[in-house]
Amino acid sequence: MTKNNWLRRITRVIGSVKLASVLLAGLIFAAFYASIVSRSAFSSWWFITLVVMLAVNTYACTLRQWRGAVKRYKQIREGRVSGKPVTVDLPASDPADALATLAKLCRAKWYAVSLQNSRLVAHKNAIGVFGSALFHTALVALIFSAFCGVITGTWGRFGVSERFVFSEAADNYVVFEPSVFAPQDPRRFTLELEKLLVETDENGRVQRFASQVNAVDNKGLRKTQIIRAGSPLVIGGVTIYQHRYGYSPIFTLVLKRGDVIDFIVELETFGEPDEEQEYSGHLVVPGTSCPGYIRFYPGQPVKVAVTIEEPAEGTVTSGVLALGEWLEFSQGRLYFVDWRYWGSFTAVGDSWRNVTFTAFWVALGGLIAMYIINPRTIRATATSEGQVQITASSCRFSSLLQAEIRELARQLQSIGQVLT
Amino acid sequence: MAKLEIGLHWLAITFYVLGTACFVIGIYWRKDGLNRWCHRLTAIGLLPHGIALGLRWLVAGRIPVYGRFEAFSGLVWLGLVIYFLLRRKYEVTDWAAIVIYPTSILILGIVVMSSPEIKEVPETFKTFWLVVHILFAKLTYGFNLIGAAFAVLYLHKLRHTTGSAALIRQSGVSFVDRLPTGEELDEWSYLCISCGFVFLTVMIISGSIWANSAWGSYWSWDPVETWSLIAWLVYGLYLHLRRTLNWRGVVVTWIGIIAFLLILFALIGLGFLDAGMHSQYLA
């Protein structure tokens, strides 16, 4: 066997629909397993290998599909479709006239019609033959761009309190920390949360929230914008989304040994912030290493419940504090001095995003062309025996074609062109 | 207002149950008059059901799609409307009622047992993509339900017209004989599933775009996302086997039915388990 034959055979196997079906079945079981047993399996090597294999198979299939689609497109324009034909013989007093009327009816149904020598050829939706090839091409592009986006992009989440000065950023800006998912350092901007805007209804339930921020990119370009859901900020090649918000109670700790420490605790909400939620979290009391627990009540007046454990003393001290109140424990006093809103943001740097987005839409268009736009042809002949013979074919759904031909026959009958 | 809404739902259920009873009696005891009434009664039931949803829209001041009560009720209503629209044009779809009506009643049963409290919509839900995503979720349910109904009828027909069952059965008198041909049932199942597959794809894509604009991520392996993807893959397998490899018969039909059960699980079942990001929408 020659080298070319081997290559052709391998390409045929790699691009076969049978292999695609086996891979699809494999991916179904893999996804089934991953969703029930362990979600981490979605990022495992064998799951990614399956996806890549399916993408390679789809790519090989697609190459062949385009060639076939062009051939089928030409055939349909000539009035030939390989689908199961629907045939009707209609007796007519004047077959040639009936054929002319049929041509008119077909044109009204958006068919391209040619009528010559008592022979009618009509076709519609020829473009639909490209649907499958288009869909699969876009699918390959989608997987490829998503893969590239994950490899080359950055993704991270960070939190920042209103007007808060971070000790490590003396210029009043928060430095974005890359997440474990993004090995690259995406320090392409700094961001200050100037104000978190929260709108509530008459019952105090949150209607909307947004963040007024000042951002500066790595070239020193300053941008002031309100980030809200669906309206992110783009700066330094990074898109910043409002994720959720929470509360940051601010404390002053006065220790008996004379130290005074100011600190802030960021309490993240779970789920969407308009629900009744717990704004709570653990803390380590600075300067003492005592573990503690905080629960924040954002109602009127604002209160915070604090629990401090002192394992060395074997005591647990707790109390509910309003603004300005303090909690006394063995090593000092903890004052609840103020509170601020706290915003959580997601930062995404993905230069492949536009390709992914476009591939989404192209895939959808291909799918619609594939299943909704059904290519079909009608051929009709006026015979010398006083009959109009109609033969119609469609790529798919012959039931719908049957209904259409029945409707055409009924219309011809109703205008007296053919006999019942 | 909640009592009125529940009352209207019960009224709709009553009509749907009466319609289903008429359908079953009409088919098995061959009473054609009852058959006609079955669809009329169900269509009448759509009225109080639609009014209940309209009232909810009015009171909540937003499209009623949030929370189990609204989401499932809308799913059933739109599913039935799709069915009636198809039925108007294609008579053959009459038969699918034997699966569609009981399924609708069961889901409405969940609706009347869930809390009718109006829930506040979070900020991230106030977007155009919500309407697209949810509308196509309902269309997916509607078309795939009809597809699954035809698949069930096809299997029933196949079971009673092949092998020993065909020999012992008296020809020309039973429900099976009055069904359309096996080929026609199979084709209608394929047709509805194909449309449903397109809608499912739009649902997944619009959900991804929405997630991206709201949270900066197209995909997060949320349980509903994952199970919708599994259903999509199963439908993809069905369509490849059916269309490209030209498979017909029991195996491929069962794959179509399993895919629909996965859709039901993703859209309804997960609301009772861990639905991740969708938990507020389905709870």
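Within 10 Å of each Cβ of B:205-214, how many other protein chain Cβ atoms are there on average?
Per residue, the average neighbour count from other chains is 4.
Which residues in the range B:186-208 place their backbone N less than 20 Å from a point set 7 Å from the Cα of B:Val250 along the Cα-to-Cβ direction?
Residues B:186-187, B:189-190 qualify, since their backbone N sits under 20 Å from the label point.
Contact order normalised by length for chain A, with contacts defined as Cα pairs under 8 Å and 6 or more residues apart; what percent is it?
23 percent
Can you compute the modelled spin-label distance between B:Thr161 and A:Asn4, with each label point 7 Å from Cα toward Cβ, in nm?
About 5.0 nm separates the two model spin labels.
Given B:Ala214, B:Val176, B:Ala259, which one lies farthest toward the positive end of the charge dipole of the range B:122-283, if we put +1 on the Cβ of every Lys and Arg and -1 on the Cβ of every Asp and Glu?
The Cα lying farthest towards the positive end belongs to B:Val176.
Considering only A:Leu412, A:Gly220, A:Gly366, whose Cα is most displaced toward the positive end of the charge dipole of chain A, charges sitting on Cβ of Lys, Arg (+1) and Asp, Glu (-1)?
A:Leu412
Viscosity 0.692 mPa s, temperature 37 °C: what is the translational diffusion coefficient of the range A:3-65 from Stokes-Einstein with a Kirkwood Rh over Cα pairs, rounded to a whole number of µm²/s?
The diffusion coefficient I find is 261 µm²/s.
Between A:Val17 and B:Val81, what FRET efficiency follows from the Cβ-Cβ distance if R0 is 41 Å, with the result rounded to 0.05?
Using R0 = 41 Å, I get an efficiency of 0.70.
Over all directions, the average projected area of the alpha-carbon convex hull for the range A:248-337 comes to how many nm²?
The directionally averaged projection comes out at 5.8 nm².
Mind ordering A:284-297, B:97-110 by average Cβ neighbours within 10 Å, highest first?
Numbers: A:284-297: 16.9, B:97-110: 19.4.
Taking the mean over residues of other Cβ atoms within 10 Å, the ranking is B:97-110, A:284-297.
How high is the relative contact order of the range A:3-65, in percent, with contacts defined as C-alpha pairs under 8 Å that are six or more residues apart?
Dividing the mean separation by the residue count of the range A:3-65 yields 50 percent.
Can you give the calculated 222 nm mean residue ellipticity of chain B, where each DSSP H run of n ≥ 4 adds -39,500 (n - 2.57) and the sum is split over every residue, rounded to the nearest 500 deg cm²/dmol?
Roughly -25500 deg cm²/dmol at 222 nm, from the helical runs in chain B.
From the C-alpha gyration tensor of the protein assembly as shown, pull out the three semi-axes of the equivalent ellipsoid (sqrt of 5λ each), sorted largest to smallest, in whole Å.
Semi-axis lengths for the protein assembly as shown are 59, 32, 23 Å.
Can you pull the one-decimal nm distance between simple spin-label points at B:Met113 and A:Val52, each 7 Å off the Cα toward Cβ?
4.8 nm
State, to one decimal in nm, how far the label point of B:Trp57 lies from the label point of A:Gln389, with both points 7 Å from Cα in the Cβ direction.
Those two pseudo-labels are separated by 5.3 nm.
Taken together, the values in this text are just the output of simple stated rules run on the coordinates, not laboratory data. As the structure is a prediction and not an experimental result, all values here were calculated from the model. Here Cβ is always computed from backbone atoms with ideal geometry, including for glycine, and neighbour counts include all displayed protein chains.
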